[in-house]
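Below: the structure, in structure tokens.
The values are calculated or read from the model by the stated rules, or taken from the named source; none is laboratory data. The structure displayed is predicted, hence computed values, not measured ones. Because the Cβ atoms are built from the backbone with ideal geometry, glycine has one as well, and the counts that use them run over all protein chains shown. The area values use the complete protein model at the heavy-atom level, side chains included, leaving out ligands, DNA and RNA. Shrake-Rupley method; radii C 1.70, N 1.55, O 1.52, S 1.80 Å.
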Amino acid sequence: MFYRTTVFSSLSYSALCALLASMPLVADANSDDSWLGVGSEDPLIRLAVAPVEIEIEAPTPLTGNNLELLLALSGGGGLGEIREKAAREFSLYLDQQVQRRFGDFFEDERVHLVDNRAPLTLHTNFDIAIRQQIVDIRSTRDYDLEKGTMTAYGKFRYRVQGAAALREGEVDIADFKLRARYSTRAPKDGGVVEDTTRQATERLLEEIAEEVLDRIEDELEADALLALARR
């Protein structure tokens, strides 16, 4: 998977330690079951929902000037472990955003979500790549600063399947033209590094969840699902 580590020439050992210590732990909770019971209490149709499948290639929210030092500070697992950890966190975050938005939509549509024994099952798959482009780099006596943009690419695929019915489609995430700004400010005195990479990535994931639903909501309305189930 693709990750990017921003490089600064003057980031100190103490700043790196502080940054690594501040990185949040991956949530342990499994969110697969949070779909269950979501939706209308007086449904027109029941819809089984499979766990969301997510692959994310995103910048790692980590700044450093020495790859060997980063590996040493990573606790023995290596930089790859840090990258995998970030990917898991972003996948979980997108899963939560999708479930919240789709859940609200299905509730409005009087569609009740279950895990099985429904005439139709919804399968969803995200394959996302988020790329950074540096816009400006500057160095002062006190800090190093990098500014840039992050752009979302990839595919979203969905499939609504029944015993004798199938509806599927694909959405090109690049068509949404989603961008977010990021910046990284590293004090030269070993102070706290300010890195907005994570916040920018999360904003893009929120927008992806919203745009995808807007694109396919006509296919998921209760009337459309009922018509598909009756084929």
Is it the case that LYS147 is touching a residue at least 12 places away in the same chain (Cβ under 8 Å), over 24 Å from TRP35 (Cα atoms) and out of contact with any helix residue (DSSP H, G or I) (no Cβ under 6 Å at 6 or more places or on another chain)? yes
Checking GLN132 against (1) open to solvent by 40 Å² or more (accessible area, probe 1.4 Å); (2) part of a strand (DSSP E or B), only one condition comes out false. Which one? (1)
Looking only at the range 213-231, decide whether some residue is of a type in the set (Gly, Ala, Ser), touching a helix residue (DSSP H, G or I) at 6+ places or on another chain (Cβ under 8 Å) and loosely packed, with under 14 Cβ neighbours inside 10 Å. no
Of the residues GLY169, GLY190, which single one is open to solvent by less than 80 Å² (accessible area, probe 1.4 Å), modelled with pLDDT of 95 or more and not in a helix (DSSP H, G or I)? GLY169
Output the residue which, of all residues in the range 172-187 that are in a strand (DSSP E or B), small (Gly, Ala, Ser) and out of contact with any helix residue (DSSP H, G or I) (no Cβ under 6 Å at 6 or more places or on another chain), is modelled with the lowest pLDDT. ALA186
Residues located in the range 180-217, provided they are acidic (Asp, Glu), without any contact (Cβ under 8 Å) to a residue 60 or more places away in the chain and over 17 Å from ARG157 (Cβ atoms): GLU194, GLU207
Assess whether ARG198 counts as being in a strand (DSSP E or B) and not aliphatic (A, V, I, L, M). no
Going through the range 106-144 in order, the residues found to be touching a residue at least 12 places away in the same chain (Cβ under 8 Å), closer than 27 Å to ALA186 by Cβ and out of contact with any helix residue (DSSP H, G or I) (no Cβ under 7 Å at 6 or more places or on another chain) are ALA129, ARG131, GLN132, GLN133, ILE134, VAL135, ASP136, SER139, ARG141, ASP142, TYR143, ASP144
Quick check on the range 135-157: of everything there that is modelled with pLDDT of 95 or more and of a type in the set (Phe, Trp, Tyr), which residue is surrounded by the fewest Cβ atoms within 10 Å (Cβ to Cβ)? TYR153
Residues in the range 106-127 that are crowded, with 17+ Cβ neighbours inside 10 Å, under 20 Å from the mean Cα position of the chain (by Cα) and not aliphatic (A, V, I, L, M) total 2
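Considering only residues that are touching an Asp or Glu at 6+ places or on another chain (Cβ under 7 Å) and within 14 Å of GLU146 (Cα to Cα), look in the range 172-187 and name the one that is surrounded by the most Cβ atoms within 10 Å (Cβ to Cβ).
Ranking the qualifying residues of the range 172-187, first place goes to ALA186.
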